[in-house]
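First up is the structure itself, then whatever we jot down about it.
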Amino acid sequence: MDALLNGNSTFLELVNGWLGYIVKHDYSKATYASYSSKLRHLLQYVGHIKLNELTREELQSIFVLIEMEKISPNTIGNIYSITKKVFHFAIKMGVMKENITDHLVLPKRKPYVPKVYRKLEVTRLLSLTKGSKLDIPVTLAVNVGLRRGEILSLQWKDIDFVHNTILVNKGTSAPDVDHFPKSDSSIRLLKLPKKVGNMLKDHLVEQKNSFLKFGITHDVNTLLFCKNDATRYNATSLNKMFKKLLIDNKLPIIRFHDLRHTYATMAHNNGMPVKHLSRSLGHSTPAITVEQYVHI
DNA sequence: CACGCCCATAGTTCAGAAGC
DNA sequence: GCTTCTGAACTATGGGCGTG
């Protein structure tokens with residue numbers, strides 16, 4: 001720590017100290033990026049103010065200003081929880097006495113209600129993607145309920161055509177391309193629906209042929225869904241391609257991740273027990289499944 | 001122009017803790 | 001036991017930019 005941090009330091013200096021000395025070391029890169037960008041909302045108003053001149057009332061008025069920027073209540077909640085950590089750090093470092101983030105009044109967070117496709121729209125979507133680049137990711141999302149990051153990092157060694165299973169044990173997150181599961185319960189061995197298995201078999205043959213043509217090695221580490229040169233697609237590109245497909249074909253606009261919600265809703269409506277569905281999605285408890293994914 | 005990458009920032013997911 | 005809150009890590013979106 002720059003032993004220089006004291007009551008006369010500015011809020012900006014405090015934030016930089018916390019980000020650089022704590023967050024950079026103890027948290028993931030994605031979290032670091034998320035924290036620093038959210039703190040900018042505060043810095044624009046109070047970055048220059050000295051710590052011993054910052055008051056709870058002032059902080060409260062800053063949150064009102066942020067609300068006026070049309071930032072959603074959920075995001076304001078996020079900004080608040082990060083801010084609280086910053087001041088907690090200040091207290092720990094002995095540069096502030098009380099945590100001025102206590103008892104602030106904030107807008108209530110609202111649950112997100114995803115859009116899901118009905119059977120008819122799913123059928124239409126699948127007929128559109130058939131044979132196209134998006135065939136694999138869309139099918140895996142809508143028929144197996146995989147997350148985007150899980151699809152992007154699936155390798156052929158994760159597919160077992162003998163036992164008809166698919167092993168989900170890694171993910172890909174923006175802005176990095178790190179591999180990690182969302183949580184321990186996200187690691188799971190799933191049954192591969194017959195039609196998906198068949199589709200993957202066909203895809204494997206096609207991919208091998210295409211690789212041969214370009215002189216690229218194909219092995220068990222090859223990604224299921226990748227570009228012609230075997231490299232991974234950028235996660236945001238997948239979203240863009242998906243959205244374009246919907247616009248071009250006048251399908252209702254949903255997010256790629258909503259295909260996972262669609263899968264869950266359909267499975268539930270088809271009578272899949274919640275416990276089973278929860279395992280299939282990789283949730284730690286069935287309560288999450290019911291709360292977040294089943295939209296009738 | 002279409003495609004794909006990178007970056008910045010907003011918003012969502014989901015586990016675990018806290019509160020009832 | 002449940003519901004609600006918190007927080008880390010994820011996904012979404014859009015602009016800019018390079019390539020073909």
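None of the figures in this text is laboratory data; all of them are computed from the coordinates on show. Fair warning: this is a prediction, and the values are worked out from it, not measured in the lab. Note that each Cβ is placed from the backbone with ideal geometry, even for glycine, and that neighbours are counted across all protein chains shown.
Numerical summary
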| read-out | value |
| --- | --- |
| Nearest 10 degrees, 0 to 90: helix A:56-68 Cα axis against chain A principal axis | 40 |
| Ratio Rg/Rh, restricted to region A:78-124 and using Cα atoms, in which Rh is the Kirkwood radius | 1.44 |
| Amide H contacts of A:Q155 (H built 1.01 Å from N, under 5 Å, at least 5 apart or other chain) | A:L224 |
| 0 to 90° range, to nearest 10: angle between helix A:194-214 axis and chain A longest Cα axis | 90 |
| 20 Å Cα-Cα threshold exceeded, pairs from A:K115/A:K240; A:K70/A:K110; A:K208/A:K243; A:K115/A:K244 | A:K208/A:K243 |
| Cα point-scatterer Debye curve for chain A, base-10 log of I(q)/I(0) at q = 0.13 Å⁻¹ | -0.99 |
| Structure-based [θ]222 nm, chain A - -39500 (n - 2.57) summed over DSSP H runs of at least 4, per residue, nearest 500 | -15500 deg cm²/dmol |
| Relative packing of A:143-154, A:270-281, which averages over residues the other C-beta atoms within 10 Å, highest first | A:143-154, A:270-281 |
| Cα lying deepest toward the dipole's positive end in chain A, options A:L104, A:S72, A:C226, charges on Cβ | A:C226 |
| Euclidean distance between Cα centres, region A:235-251 to region A:72-90, Å | 33 |
| Furthest towards positive pole of dipole, A:A33, A:F63, A:A90, structure part region A:11-92, Cβ charges | A:A33 |
| Burial ranking of peptide ranges A:117-124, A:237-244 (average Cβ count within 10 Å, highest at the top) | A:237-244, A:117-124 |
| Computed magnitude of the charge dipole of region A:119-293 (debye, nearest 20; Cβ of K, R +1, Cβ of D, E -1) | 380 |
| Spacing of the two label points (7 Å from each Cα toward its C-beta) at A:S72 and A:K92, in nm | 3.0 |
| Chain A, relative contact order in percent, only Cα pairs under 8 angstrom and at least six apart counted | 16 |
| Among A:80-87, A:159-166, the order from most to least packed when residues are scored by Cβ within 10 Å on average | A:80-87, A:159-166 |
| In degrees, nearest ten, helix A:258-269 long axis to first principal axis of chain A (Cα) | 60 |
| Farthest positive-ward along region A:119-293 dipole, Cα basis, beta-carbon charges - from A:V205, A:L167, A:Y263 | A:Y263 |
